[in-house]
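Just dropping this structure here.
The values are calculated or read from the model by the stated rules, or taken from the named source; none is laboratory data. Just so we're clear, the structure is a prediction, and the values are computed from it rather than from any experiment. All Cβ positions, glycine included, derive from the backbone under ideal geometry; neighbour counts span all protein chains shown.
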Amino acid sequence: MIILDSACVEEHLKSTDCVELMEKTLYELAEGSCVQYLRTAINLPNTNVLGLMPGWFDGYFGVKTISVYHTNRGSGYPSHQGQILLFESEHGSLLAGIDATSVTKIRTGAVSAVATRLLARPDSSRLCILGCGTQGESHIDAIVPFFDIKTITLWDAFPEAAGALAAKAGEGAARGIDIRVCDTAEEAVRDADIICTVTPSALPVLCGSWLKSGAHINAVGACAPNARELDSEAVRRAAFFGDSIDSVEHESGDYLFPLKEGVITREHLRGTIGDILLKKIPGRESDDQITVFEALGLAVEDIAAAKYLYDRVTEND
Ligand SMILES: NC(=O)c1ccc[n+]([C@@H]2O[C@H](COP(=O)([O-])OP(=O)(O)OC[C@H]3O[C@@H](n4cnc5c(N)ncnc54)[C@H](O)[C@@H]3O)[C@@H](O)[C@H]2O)c1
């Protein structure tokens, strides 16, 4: 068994390669050729969570075990920490323990990039990030290479986080792009073509009345039925897609709150990104349509990334 730490993951799992890998994974999930179970989320004191995510992908299986500690803000510890255990399926042997902080960071931005390429207007030039932590950075890294982005607007409940991301992105993936730190979420969203909500907020940070026609939203931060980042109007106005039907129906407050309020019906969920890739359903249908990709985070994404990393690291042995 080998151990792959975060430095090894970052060396071998590049964001743009991960976008291709996630596209293949979501396609295979929709085809039915990989298997996963809903996340088991164990509530810990102070709203923290232990997540267990088992799955099977391409002859390998495994589980991601991850603690989600939003109380770590400002402590120097990441909010997500854990390991992915990767097994081979012939003898059931454990092959690798892989750092889950870095895989989660990279694969989540990559999955949103897959959705954004399918759903955002191809001429999108204004990217907005609400929530300027790990995922804010990862979403800039993953999305910027695929669009002619001219402006990035950043907002965070803690302005120093937005300032820090502006400095980091300006030195990296967003070099040469006009990056603006905004005082309010509304200011950041108003003109945006692509909006990523990547906060741990349990209450809406994005209002539907702020959205311009044709906008695309990646709603990534709220991964529990009692948490939402989008208000009901944002969901009502949008063509709504998810990463997995089962996950949206069980884990998505963004979907379940407006459903309970009677603002939308079950049919509002059009299907998954994999369904669009398989051409079972259409994606964006017009230039002025608003689209939402609801990302809950899937075990197969982690197992696919773990298998890719294991293959890359052992290929010359
Ligand atoms: N869907 C998925 O696959 C997936 C994967 C990873 C993380 N997530 C979720 O995405 C969210 C962000 O994750 P992360 O790793 O970037 O976390 P992080 O701790 O690195 O960053 C969170 C950022 O949000 C800011 N913030 C805190 N409370 C806020 C609020 N109420 N309103 C606005 N901003 C606020 C913080 O200042 C920080 O900059 C979390 O909820 C996490 O659980 C989802």
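Would you check which residues across the range 25-84 are of a type in the set (F, W, Y) and outside any loop (DSSP other than H, G, I, E, B) and list them?
Those that are of a type in the set (F, W, Y) and outside any loop (DSSP other than H, G, I, E, B): Y27, W56, F57, Y60, F61.
Out of S89, S79, S75, which single residue is of a type in the set (S, T, Y) and farther than 21 Å from T199 by Cα?
From the options S89, S79, S75, the qualifying one is S89.
Could you tell me whether G62 is buried (at least 18 other Cβ atoms within 10 Å of the Cβ) and of a type in the set (G, A, S)?
Details: buried (at least 18 other Cβ atoms within 10 Å of the Cβ): yes; of a type in the set (G, A, S): yes.
Yes; evaluated as a whole, the condition is true for this residue.
Restricting attention to the range 281-317, report how many residues are touching a helix residue (DSSP H, G or I) at 6+ places or on another chain (Cβ under 7 Å), more than 16 Å from the ligand (Cβ to nearest atom) and either farther than 25 Å from G208 by Cα or at pLDDT below 95 (or both).
Residues flagged as touching a helix residue (DSSP H, G or I) at 6+ places or on another chain (Cβ under 7 Å), more than 16 Å from the ligand (Cβ to nearest atom) and either farther than 25 Å from G208 by Cα or at pLDDT below 95 (or both) within the range 281-317 amount to 4.
From the list A162, A202, which one is surrounded by fewer than 22 Cβ atoms within 10 Å (Cβ to Cβ) and within 22 Å of the chain's Cα centre (by Cα)?
A202
Of the residues in the range 109-151, how many are within 15 Å of the ligand (Cβ to nearest atom), not assigned by TED's automatic domain parsing to the domain that holds L165 and not small (G, A, S)?
3
Considering only the range 169-181, state which residues are in contact with a strand residue (DSSP E or B) (Cβ under 8 Å, 6 or more places away or on another chain) and either within 15 Å of the ligand (Cβ to nearest atom) or part of a loop (DSSP other than H, G, I, E, B) (or both).
A169, A174, I177, V181
Just to check your reading of the model, which residue among I143, I179 is closer than 30 Å to W56 by Cα and of a type in the set (A, V, I, L, M)? Break it down stepwise before answering.
On the way: I179 fails: closer than 30 Å to W56 by Cα.
The conditions single out I143.
Report, by residue number, each residue of the range 152-168 that is assigned to a helix (DSSP H, G or I) and either within 13 Å of the ligand (Cβ to nearest atom) or touching a His at 6+ places or on another chain (Cβ under 6 Å) (or both).
P159, E160, A161, A162, G163, A164, L165, A166, K168
Need at least 3 residues that are touching a residue at least 60 places away in the same chain (Cβ under 8 Å) per element, so show me which strands (runs of 3 or more DSSP E) inside the range 213-307 make the cut, counting only ones lying wholly within it.
216-219, 290-294
Mind telling me which of the residues E137, E90 ends up being of a type in the set (D, E, K, R) and either out of contact with any Lys or Arg (no Cβ under 7 Å at 6 or more places or on another chain) or assigned to a strand (DSSP E or B) (or both)? I'd like the intermediate steps shown before the answer.
Details: E137 fails: either out of contact with any Lys or Arg (no Cβ under 7 Å at 6 or more places or on another chain) or assigned to a strand (DSSP E or B) (or both).
Matching residue, one of E137, E90: E90.
Residues are listed down the side, and each one gets a yes or a no for (1) hydrophobic (A, V, I, L, M, F, W, C); (2) farther than 25 Å from H250 by Cα:
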| position | (1), (2) |
| --- | --- |
| I276 | yes, no |
| I281 | yes, no |
| E285 | no, yes |
| G297 | no, no |
| V300 | yes, no |
| Y308 | no, yes |
| N316 | no, yes |
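Kindly check whether there is at least one residue in the range 224-240 that is modelled with pLDDT of 95 or more and under 30 Å from G97 (Cβ atoms). Step through it out loud before you land on a result.
Within the range 224-240, the first condition is being modelled with pLDDT of 95 or more, and the residues that meet it are 224-240.
Remaining after also requiring under 30 Å from G97 (Cβ atoms): 224, 227.
Checking the range 224-240: at least one residue is modelled with pLDDT of 95 or more and under 30 Å from G97 (Cβ atoms).
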